[in-house]
Amino acid sequence: MSFLDILFGRSKPAASKTEAIFAIATGYVTLVAQLELKSTNKAGVCFRPLASSHFDLAEKEMADLLRVSGETSRSKVSLREDAYGFQWVILEDTEFEDLVALIYLTTETLREKGFKDQLLAAVFAFSKNGKDIYWIYNYKRGKFYPFVPAGKEQERDNIMELQLQAAMAKELPLEPALE
């Protein structure tokens with residue numbers, strides 16, 4: 001950080017941390033056996049796109065790479081933009097380990113192309129008794145946290161989130177604050 005950054009109160013974004021994402025592959029046994037969660041066979045990476053030709057080229061290369069990887073592992077891959085302008089790589093695969101590997105491949109491709117600061121989160125979708133449950137990996141902090149929608153817009157099932165977090169405390173690097 002330069003002197004001018006300090007003087008004007010600017011800070012560099014935290015570098016994204018990708019290594020800990022593999023913890024969910026080892027924690028998967030506990031998620032399924034102990035917590036009775038069922039994978040929906042879907043996961044995604046959310047990132048902030050940039051308006052540049054370099055980013056457009058990187059996005060095309062990433063889409064091609066994921067398409068080839070998806071064909072090899074029989075995964076479905078799609079790119080989408082959400083209502084807030086964030087870009088998503090949505091992955092579908094019946095093998096949870098393949099989902100984790102493709103999430104990591106997506107992440108590393110973005111990092112190699114110089115867009116590591118644009119990475120926001122990886123999301124792994126589960127369900128239990130008809131209720132949606134998501135494990136979210138925050139790239140900036142290198143930590144997971146559970147997210148359980150309560151059914152109403154913008155509401156969360158905090159009790160279930162705390163139960164999930166307590167059960168996975170030894171399995172995953174967890175974000176201490178749920179908000």
_Failed item, numbered, when Leu102 is tested on (1) modelled with pLDDT of 95 or more; (2) of a type in the set (A, V, I, L, M, F, W, C); (3) in contact with a Leu (Cβ under 6 Å, 6 or more places away or on another chain)_ = (1)
*Does Leu37 count as at pLDDT 90 or above and open to solvent by less than 20 Å² (accessible area, probe 1.4 Å)?*
yes
*Of the residues in segment 133-145, how many are in a strand (DSSP E or B), touching a residue at least 60 places away in the same chain (Cβ under 8 Å) and under 24 Å from Arg48 (Cβ atoms)?*
4
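Residues are listed down the side, and each one gets a yes or a no for (1) farther than 21 Å from Thr18 by Cα; (2) modelled with pLDDT under 95; (3) buried (at least 18 other Cβ atoms within 10 Å of the Cβ); (4) of a type in the set (Phe, Trp, Tyr):
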| residue | (1), (2), (3), (4) |
| --- | --- |
| Leu66 | no, yes, yes, no |
| Glu71 | yes, yes, no, no |
| Asp82 | yes, yes, no, no |
| Glu112 | no, yes, no, no |
| Val123 | no, no, yes, no |
| Lys140 | no, yes, no, no |
| Pro146 | no, no, yes, no |
| Leu164 | yes, no, yes, no |
_Hey, Leu7 open to solvent by 40 Å² or more (accessible area, probe 1.4 Å), among the aliphatic types (A, V, I, L, M), more than 25 Å from Tyr137 (Cα to Cα) and modelled with pLDDT of 60 or more or not_ = no
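The values are calculated or read from the model by the stated rules, or taken from the named source; none is laboratory data. All figures in this text were calculated on a predicted structure; none of them were measured in a lab. No Cβ is skipped: glycine too gets one built from the backbone with ideal geometry, and neighbour counts run over all protein chains shown. Keep in mind that these areas ignore ligands, DNA and RNA; they rest on the heavy atoms of the full protein, side chains included. Shrake-Rupley method; radii C 1.70, N 1.55, O 1.52, S 1.80 Å.
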